[in-house]
Amino acid sequence: MATFSQLPSGKWRAQVRRAGLYRAATFVTKREAKDWASGIESQANHIAAGGFAPIPKAATVSDLIDKYTETISKSYGKTKTATLAMLKRDLGKVKLVNLNNVVLRDFIDRREDAGAGGVTIAADLSHLSQILKWARHARQLDISERLALDARASLSHRGLNTRSQERNREPTDNELAQLYSLWDSNPRQTIPMSTLCRFALATGMRQGEICRLEIDDLNQAEKTIIIRDRKDPKNKQGNDQVVPLLPDAWVIIKPLLTDRKTGFLFPYDERSVSAAFTRACKKVKPPIIDLHFHDLRHRATASFFRMGLDIPRVALLTGHKTWTMLRRYTAIKPSDIHDTINKAKPESPAPDKAGQKKRRAK
């Protein structure tokens, strides 16, 4: 029930008490106070009926994205930042009360016309779904969290493939030899690319992880190191992991500790490392086609399995959370299985020795 009282200043004070909700505000005229109170009462009735607050009539998708990024105070990666900016450009002016399946249908049409593929559009809608879920469950707004999910499900009916092609490219021994030779013969090469690549192959670490390693996080007695903020789909910030350094990795690290006791183990900008790798692939003769620094991680992970390490131990090295995530990096061949089994078999005695043993037994 709304009550109105005129203050000594001549202004009007409105108070609303309904369904456990209390709001009060002061206005210049009584008409303004009544209009405000009517809106608050309507909101209270809406909350009492469904448990959620009605969507503000003037609020837009852009407003919601801004509130989301302001409230969820954490740094986003380049992909998510760019996606949120795109959503604001394309859907920002749409009022939240008007956001529906048809609006998202037209959004998908525009993204297709712009050249975006099914994987990209699916990712766009997944980010929008996160924001709508946040609005419903954190802000208690009466907004459908299924809108973006239903739109994402419609992509398959459009004939769009929403699954990315799994990459299985590995550098060959010959390609690595070409790159090492190029870098090692270049006196102007300031970044020790050969060392960085060999370390990546020995550890399976990502390019960014290698460039963030700190000497202070190295445990020489245990031969382990802490990888700070390791990539994780749900929790990258503070996701620190202690990983073992295998013998090949330790051989690379040990000489680096003679002159330095603190700071980054490899004090180089990861973007410069990436550029140097790409530049070298183009410069060797013949050029190496479609090879990235990240493909070293692919080869390293496969090599861990070829060593005979099981899934939990490989996952500890690579940081993968599930077998599904880890499987795409494995390139186990039939010959690898035969090699593993043959190594596990006890060596049978030679025929002549076997015969000698039998005769002695008699």
Report the relative contact order of the range 173-342, percent, no decimals, based on alpha-carbon pairs under 8 angstrom and at least 6 residues apart. 25 percent
Let's see if you can work this out: charge +1 on each Lys and Arg Cβ, -1 on each Asp and Glu Cβ, no other charges. What is the dipole magnitude of the range 173-342 about its Cα centre, in debye to the nearest 20? 400 debye
Return a whole-number percent for the relative contact order of the range 228-313, with Cα pairs under 8 Å and 6 or more residues apart as the contact set. 11 percent
May I ask which residue of Leu296, Leu317, Cys281 lies farthest towards the positive end of the charge dipole of the range 173-342, with charges of +1 (Lys, Arg) and -1 (Asp, Glu) on Cβ and the Cα centre as origin? Cys281
Rank by packing, highest mean first: peptides 197-204, 266-273, with packing defined as the count of other Cβ atoms within 10 Å averaged across residues. 197-204, 266-273
Within straight-line cross-link reach of Lys133, aspartates and glutamates at Cα separation under 19 Å, skipping those fewer than 8 residues along the same chain: Asp63, Asp66, Glu70, Asp124, Asp142, Glu145, Asp150
Just need the relative contact order of the range 79-177 here, percent rounded to a whole number, with Cα pairs under 8 Å and 6+ apart. 28 percent
What is the dipole size for the range 61-158, taken about its Cα centre, with +1 at each Lys and Arg Cβ and -1 at each Asp and Glu Cβ, in debye to the nearest 20? 220 debye
Protection proxy ranking, peptides 120-131, 89-100, 288-299, average beta carbon neighbours within 10 Å, highest first: 120-131, 288-299, 89-100
Amide H to amide H, which residues 5 or more places from Thr224 or on other chains are under 5 Å from it, using H placed in the peptide plane? Asn219, Leu245
Apply the Karplus curve 6.51 cos²θ - 1.76 cosθ + 1.60, θ = phi - 60°, to the phi angles in the range 249-259 and return the couplings in whole Hz, x for Gly and Pro. 6, 5, 4, 6, 6, 3, x, 6, 8, 6, 9
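Read-outs: derived from the displayed coordinates by stated rules, not from any lab. As the structure is a computational prediction, the values presented were derived from the model and not from experiment. Cβ atoms come from the backbone with ideal geometry, glycine included; neighbour counts cover every protein chain shown.
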